[in-house]
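The values are calculated or read from the model by the stated rules, or taken from the named source; none is laboratory data. In this text, all values refer to a predicted model and were calculated from it rather than measured experimentally. Please note: Cβ atoms are built from the backbone with ideal geometry, for glycine as well, and neighbour counts cover all protein chains shown.
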Amino acid sequence: MVIEKHKVGVIAYAIHVENEAGELLEKAEYSQPRTMIFGTGRLLKSFEDKLLGLHSGDEFEFTLSAEESFGTYNNELLMEIPKTVFMVNGEIKPDTLVVGRVIPMMDGEGNPFDGKILAIHEQTVSMDFNHPLAGKSLYTKGEVINVREATYEELNPVASGCGCGSHNDSCCGGGSHDHYDEDEGCGVCGDHEGHNHTHHHHGGGCKC
C-alpha cells in the first residue's frame, strides 16, 4: 500500500536543524515509530508531500527549506506590547514577565500563538512572535515501516478540552499550535503565519 490521502503511515525518523550534524529536534525510533495520518491537514504540507507515494520499507531523506517549514525570520514580528495586555484584575502576576519566557497569546480573531519576551520596559514588553525555527531548514531522514487505511476515528478525532486536537504534537504533525519542547516536539503542524497583531494574553489551561 502506498502513502496517500486518508492513509496512515507508521514512520521512524529523525529531524535535525539544517543538516544531519545539526541539533536533533525530534526522533521516533524504529521500535517506537510515530503514526501519521495523511490528507487531513494535520501535517505540515511540505513534509507530507515528501512522503506521498512511498511504500512500506521505503527509506527517505530530504531537507525542507525555511520557506517550506516556518518561513524566514520576520523583523516585523518583533513588537512592543503594552504591559496592560498582561494584567489580570488590574495586576500583573510577579512570574508573568520574565525575559526569555514564551507566553501563549491570541490575536484579535482568537487565533493562538506564542511570543518570547526579549526585554521588559517601564510601560511595554519587547516580544518576538517568530516561530523558534523561523529562518532554519529542517533535515529529515527515516523509513516507512507500514502503511494502512485510516479508521473513521482517526479521520474524525475528538477534540481535547482545550480544543487543540491531538496530544503529543510533533515536528511533523499533531495539533495546530506552536509548542516547542521535548515532550511535544517542534510543532511542524500547520499554518503559522497571518497574525493580525492585536494581542491578548491568556494564561492557565493548556496554553492554547
**Test result for Gly115, small (Gly, Ala, Ser), surrounded by 16 or more Cβ atoms within 10 Å (Cβ to Cβ) and not in a helix (DSSP H, G or I)** = yes
**Request:** Keeping to segment 39-78, report how many residues are among the hydrophobic types (A, V, I, L, M, F, W, C) and closer than 13 Å to Val2 by Cα.
**Result:** 3
**Request:** Spot the failing condition for Leu133; the list is (1) surrounded by 15 or more Cβ atoms within 10 Å (Cβ to Cβ); (2) touching a strand residue (DSSP E or B) at 6+ places or on another chain (Cβ under 6 Å), and only one is missed.
**Result:** (2)
**Request:** Check Thr63, Thr72, Thr96 and return the single one that is β-branched (Val, Ile, Thr), out of contact with any strand residue (DSSP E or B) (no Cβ under 6 Å at 6 or more places or on another chain), under 24 Å from Ser137 (Cα atoms) and in contact (Cβ under 8 Å) with a residue 40 or more places away in the chain.
**Result:** Thr72
**Residue ID - modelled with the lowest pLDDT, chosen from residues in segment 148-157 that are surrounded by 10 or more Cβ atoms within 10 Å (Cβ to Cβ) and of a type in the set (D, E, K, R)** = Glu154
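Listed here are the residues, each with its yes/no results for (1) over 19 Å from His131 (Cα atoms); (2) surrounded by fewer than 14 Cβ atoms within 10 Å (Cβ to Cβ).
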| site | (1), (2) |
| --- | --- |
| Lys5 | yes, yes |
| Ile15 | no, no |
| Glu18 | no, yes |
| Gly22 | no, no |
| Tyr30 | yes, yes |
| Thr35 | yes, no |
| Glu48 | yes, no |
| Leu51 | yes, no |
| His55 | yes, yes |
**Request:** Answer yes or no as to whether Asp114 is at pLDDT below 95, acidic (Asp, Glu) and within 15 Å of the chain's Cα centre (by Cα).
**Result:** yes
**Message:** Pro112 - would you say it is in contact (Cβ under 8 Å) with a residue 24 or more places away in the chain and in contact with a Cys (Cβ under 9 Å, 6 or more places away or on another chain)?
**Reply:** yes
**Some residue of segment 134-148 being farther than 17 Å from Thr72 by Cα, in a loop (DSSP other than H, G, I, E, B) and either in contact with a Lys or Arg (Cβ under 7 Å, 6 or more places away or on another chain) or among the β-branched types (Val, Ile, Thr) (or both)** = no
**Message:** Looking for something at pLDDT 95 or above, in a loop (DSSP other than H, G, I, E, B) and on the phi < 0 side of the Ramachandran plot - is there at least one such residue anywhere in segment 158-170?
**Reply:** no
**Asked** Applying the selection to segment 78-111, what residues are more than 19 Å from the chain's Cα centre (by Cα), of a type in the set (Lys, Arg) and in a loop (DSSP other than H, G, I, E, B)?
**Response** Lys93
**Request:** Please identify the pairs in which a residue from segment 26-42 that is over 14 Å from Tyr152 (Cα atoms) has its Cβ atom under 6 Å from the Cβ atom of a residue that is among the basic types (Lys, Arg), counting only partners at least 6 apart or on another chain.
**Result:** Ala28/Arg34
**Prompt:** Can you tell me which residue in segment 44-99 is modelled with the lowest pLDDT, limited to those that are touching a Phe, Trp or Tyr at 6+ places or on another chain (Cβ under 9 Å) and of a type in the set (Gly, Ala, Ser)?
**Reply:** Ser69
**Message:** Out of the residues in segment 100-111 meeting the condition of being loosely packed, with under 15 Cβ neighbours inside 10 Å and out of contact with any Asp or Glu (no Cβ under 9 Å at 6 or more places or on another chain), tell me which one is modelled with the lowest pLDDT.
**Reply:** Gly108
